[in-house]
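The values are calculated or read from the model by the stated rules, or taken from the named source; none is laboratory data. Fair warning: this is a prediction, and the values are worked out from it, not measured in the lab. Ideal geometry is used to build each Cβ from the backbone, glycine not excepted, and the neighbour counts take in all protein chains shown. Please note that ligands, DNA and RNA were not included when accessible areas were found on the heavy atoms of the full protein model with its side chains. Shrake-Rupley method; radii C 1.70, N 1.55, O 1.52, S 1.80 Å.
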Amino acid sequence: MLEEEYQLDYFKEQGMVRKICKVCGSAFWTRDSAREICGDAPCEPYNFIGDPVFKTHNLDTMREAYLSFFEKQGHTRIERYPVAARWRDDIYLTIASIADFQPFVTSGIVPPPANPLTIAQPCIRLNDLDSVGRSGRHLTTFEMMAHHAFNTPNEEIYWKDRTVELCDQFIASIGGDLNKVTFKESPWIGGGNAGPSVEVLIGGLEIATLVFMSLGRQKTDQPGYDLKGEMYYPMKLRIVDTGYGLERLVWASKGSPTIYDAVFPEMVSHVMGAAGLSHMLDNKEYTKLLSLNAKFAGLMDISGTNLFQLRKKVAAAIDISPEKLDRMITPIEKVYATVDHTRCLAYMLGDCIVPSNVREGYLARLVIRRTLRMMTDLKIEEPLADLIEQQTRIIGMNKFEQDIGVVREIVERETEKYASTLERGTRTVQKIAKTYKAKSQRVPLSEIITLYDSHGIQPEMIKDIAAKEGAVVDLPDNFYSMVADMHSESKAEAEVDTKAKYDERVQGLPPTKKLYYEQSSDIEFEAVVLDFFDGYAVIDQTLFYPEGGGQPADTGTMVSSDSMVRVDDVIKVGEVILHHISGGVLQRGDRVKGMIDEERRWSLMRHHTATHIILHAAKEVLGAHIHQAGAQKGSESSRMDLRHFKHITPDELRRIETAANRMIMASQPVDISTMDRTKAEQKYGFSLYQGGVPPGRDIRIVKVAGDIEACAGTHCRSTGEVGVIKIIRVEHIQDGIERIEFTAGVAAVYYMQHLEQIVTSSAEVLSVQPDNLPATVTRFFSEWKDQRKEIERMSAKVVELEMQSLVSESMGGIPVVIKRIDLPQKELAQLATSVSEKGGVALLAGVGETVRVVLASGEPRVNAGDIIGQVCSLLGGKGGGKPTMAQGGGPDANQVDLALKVGRERIIAALQG
């Protein structure tokens, strides 16, 4: 990026000089004219370990020092966003503070919640998962403290000089020596944006990045820049995007051997004790070892095979073998990783992520199972749920939406699932390992990923079991980071937009006035036809709701002076609504009267409003984590998919239904308004986005009985207009997803009448009152089971008697029985087997509603499977089986004698052949 981007007045006023690092060649700014190195690792090793560069702080005091400093500098402090990025449809987890404001604020569609602002945003990044614990510095969860300013052509908040000045002032406020600070030029590119940035370095550690987001991929009338082969153009909005690492600042203020000792002192001590490693805490040899490890790790990329190189460097420095070092340090690394992961899980589960096999739930399960594996290796018997609860209490119970009791239940269930996976997985891996060993091939990475994704089998377990089978596994050190990276972003397949072909046609048409929002209870309206093409009519205003958000389109009729047509589908292209008609045509300029199908409209409104009510009722009964994973509204019934960590029980379902109907009886008004997106998010949170994230600056907010969502559908005017809700069933459709099917309004009445008719008819069959039906059915069922047992006992007796009376004939010295015995298939098979077990052949047929045939052979020359087909074909049926036992049958009882005769001939021929 152009050098002039970094020629700041502030740098010059402070007497800083621009230099080129003699190690990496990067440009940097410094107050120390003698400095020759940029100050970044690996050019400069960590020199703050054992020699802190700031006044001592813990997480809470450093966070407050930062936020209060920027508040005094005119910034508004805003609350953190959840770690589940529910306002985004491209990523699942919040990975940076700027992610809070993408895409709508950064693109200029909506204003920021404050300008300028400051925030301490917990972020989760799993792309370095395998380095956590090993490097001394990597974390899965970190707090990105930031101050942001959004500059528009009409309002300049501040830009580069003030940003760097504020950074200097903050560093000085926490005791940093500004003469030791360097600002390294580092152009930034990401997420379709770019701009100059500087990395802020002290003691060999990067503590902040100051990004000046000013370029975008969208072409403008200004000259562009070629960055890594892509063209970027100046944006109207220029954004100050800073990121200060809270944990790194605390680490540099304490100078401890690792970042984990600095930020998790209580939990590191606790987990070391649980792992029986407390004696290491005061061991000076280990302290030296960990310090060296962190220093050397700071100088290199330790992903993949580089970990071994790190081990060699540290081992050489303290004069021990890499193998001994590995044995010494690995348990401590697992303690550090366990502590880090449990904090990550406290945020994930506390912010209502439900572990599953998809989206953010997949990532939560990945971290849970990796933690459980490490705890097993460390022989920690304390439940994972206890460690997560301790982390939650340290962070602050009031910082999370989810109840800690629900968090514990989720973790306990995940622990049970993990244990059952280990049991099932052994056999699966053994089979695969044997297959690859037989082919003299290594078990490939693709196979390991499939075993992990589809069966939940840990890679370490795969490696251990495969080794016992003599197979070699291709397992990289960064397996978890790689898998997490694969699942961290939404990769929705591109759908064919069937409406795109109409984009150009409707471009010149005005937006259609949406009467279905203004007059949702009306059923008639008048309009003017603006265009007619491909069977679609565009009119200036409409009551017809277009399909969208899981709600089907309205149907009805349109009448002009010349014709009456049927509206059978309605779609929305941009802001223009197209009505598909049949049974006639309309002309441009026609005045029409539209009439929607009233009963269908009301049924759809009731079902859509009921969806909101059931969602709120489910949250009341099941917990704050309940989030809609999908919905489909219909006129007869609807369904809603909910994210939940276990099957919904019949009792819970009844409670949800009862709570929903209480909300209906309260007849609360349904409130609908349009709000600025940012204000709506600040007021109601991100549970607004249950059915996806709508575009635009303003969003339509629908409040139904405590449920508040961004929703574009049609709704009743009050909950009372829904009438009644009846839940039909609940279905477990995939891991972590429960589907509730329900019906509402008149459709619910029809459904309940149908159920009542079933009960009445059943009672009449049994000649009892409906109230006595359960007891009667239970009695009949018990009697039926008793009678079935008696029948089975009698059948066994019959078989025993038949066996005693069974007479065989000798064919070439082989005992053969060919006979009709009217017994069930099971008993016929028992009889036939009693003959074949003695080396004989038995062909038996029994007649009932159909003919049953069994052929058992203890003589190799008689292949039962070959003969049975011809026998059964004479009965009009089919048969098949093995050479020793074959079964079949057919409907034609008149041909039993012929079938047995032909069977006899085939058996004789086989014995003589």
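Taking all protein chains as they are arranged and a probe of 1.4 Å, the heavy atoms of residue 184 leave approximately 30 Å² accessible to solvent.
Between residue 498 and residue 518, 0.36 nm times their residue separation minus their Cα-Cα distance comes to what?
Extending this stretch completely gives an extra 4.4 nm.
When the surface is traced with a 1.4 Å probe over the full set of protein chains, residue 397 keeps roughly 70 Å² accessible. Could you tell me which of rounded, prolate or oblate describes region 500-596, using a ≥ b ≥ c as the square roots of the eigenvalues of the alpha-carbon gyration tensor, with rounded for a/c under 1.5 and, failing that, prolate when a/b is larger than b/c and oblate otherwise? The shape class here is rounded. Ordered by 1.4 Å accessible area with all protein chains kept, 138, 579 run largest first as 138, 579. Near residue 699, within a Cβ-to-Cβ distance under 11 Å, what is the net charge of the other residues, with Lys and Arg +1 and Asp and Glu -1? Local net charge: 0. Annotation: amide H-H contacts under 5 Å for residue 138 (H modelled 1.01 Å from N, sequence separation of 5 or more, or interchain): 133.
Protection proxy ranking, highest mean first, for peptides 403-414, 783-794: 403-414, 783-794, where packing is the per-residue count of other beta-carbon atoms within 10 Å, averaged. Placing pseudo-labels 7 Å out from each Cα toward the beta carbon at residue 822 and residue 324 gives an inter-label distance of 9.0 nm. Backbone geometry of region 867-873 corresponds, through the Karplus equation with coefficients 6.51, -1.76 and 1.60 at θ = phi - 60°, to 3J(HN,Hα) couplings of 7, 4, x, 5, 4, 6, 5 Hz, x marking Gly and Pro. Each Lys or Arg adds one and each Asp or Glu takes one away; over the other residues whose Cβ falls under 15 Å from the Cβ of residue 153, this sums to -1. Each other residue within a Cβ distance under 13 Å of residue 872 adds +1 if Lys or Arg and -1 if Asp or Glu, for a net charge of +1. Surface analysis of the chain yields an accessible area of 45 Å² per residue, using protein heavy atoms and a 1.4 Å probe. Between residue 426 and residue 412, the simple spin-label model (points 7 angstrom out along Cα→Cβ) gives 2.6 nm. A cut-off of 5 Å between modelled amide H atoms, ignoring neighbours fewer than 5 places along the same chain, links residue 851 with 890, 892. Taking the 0 to 90 degree range and rounding to the nearest ten, how far is the long axis of helix 306-318 tilted relative to the main principal axis of the chain, both from C-alpha atoms? The two axes meet at around 50 degrees. Any chance you could give the angle, 0 to 90 degrees and rounded to 10, that helix 322-350 forms with the longest Cα principal axis of the chain? It works out to around 80 degrees.
Quick one: which of 611-619, 719-727 comes out on top by average Cβ neighbours within 10 Å, and what's the full order, highest first?
So the order, starting with the most tightly packed, is 611-619, 719-727.
Around the amide H of residue 556, modelled in the peptide plane, lie the amide H atoms of 567, 597, all under 5 Å away and 5 or more residues distant in sequence or on another chain.
Projecting label points 7 angstrom from Cα along Cα→Cβ for residue 809 and residue 90 puts them 8.5 nm apart.
Compared with the dominant Cα axis of the chain, that is its longest principal axis, helix 384-395 is turned about 30°. Rounded to the nearest Hz, the phi-derived 3J(HN,Hα) couplings of region 644-650 under the Karplus curve 6.51 cos²θ - 1.76 cosθ + 1.60 (θ = phi - 60°) are 8, 8, 8, 5, 6, 7, x, where x marks glycine and proline. In sequence order, region 70-86 has phi-based couplings of 6, 4, 5, 9, x, 9, 8, 7, 10, 6, 5, 8, x, 7, 8, 7, 6 Hz under the Karplus curve 6.51 cos²θ - 1.76 cosθ + 1.60, θ = phi - 60°, and Gly or Pro positions carry x. Dipole magnitude for the chain: about 2020 debye, using +1 per Lys or Arg Cβ and -1 per Asp or Glu Cβ, origin at the Cα centre. Cross-link partners for residue 439 among the lysines, with Cα-Cα distance under 23 Å and sequence neighbours closer than 8 places in the same chain left out: 431, 463, 468. Accessible area of the chain with a 1.4 Å probe: how many percent of it is carbon plus sulfur? Answer for the chain: carbon and sulfur cover 49 percent of the accessible area.
Since only 708, 724, 740 are under comparison, the one whose Cα sits farthest along the positive direction of the charge dipole of region 708-753, derived from C-beta charges on Lys, Arg, Asp and Glu, is 724.
Give the shape of region 371-478 as rounded, prolate or oblate, defined through the alpha-carbon gyration tensor: a ≥ b ≥ c are the square roots of its eigenvalues, a/c under 1.5 means rounded, and otherwise the shape is prolate if a/b is larger than b/c and oblate if not. Prolate shape, in that a/c is at least 1.5 and a/b is the bigger ratio. Take the alpha carbon gyration tensor of region 3-255, find the square roots of its eigenvalues, order them as a ≥ b ≥ c, and report rounded if a/c is under 1.5; if not, report prolate when a/b exceeds b/c, else oblate. Cα axes put region 3-255 in the rounded bin.
Which distance in Å, rounded to a whole number, links the C-alpha centroids of region 800-868 and region 312-376? Here the answer is 64 Å between Cα centres.
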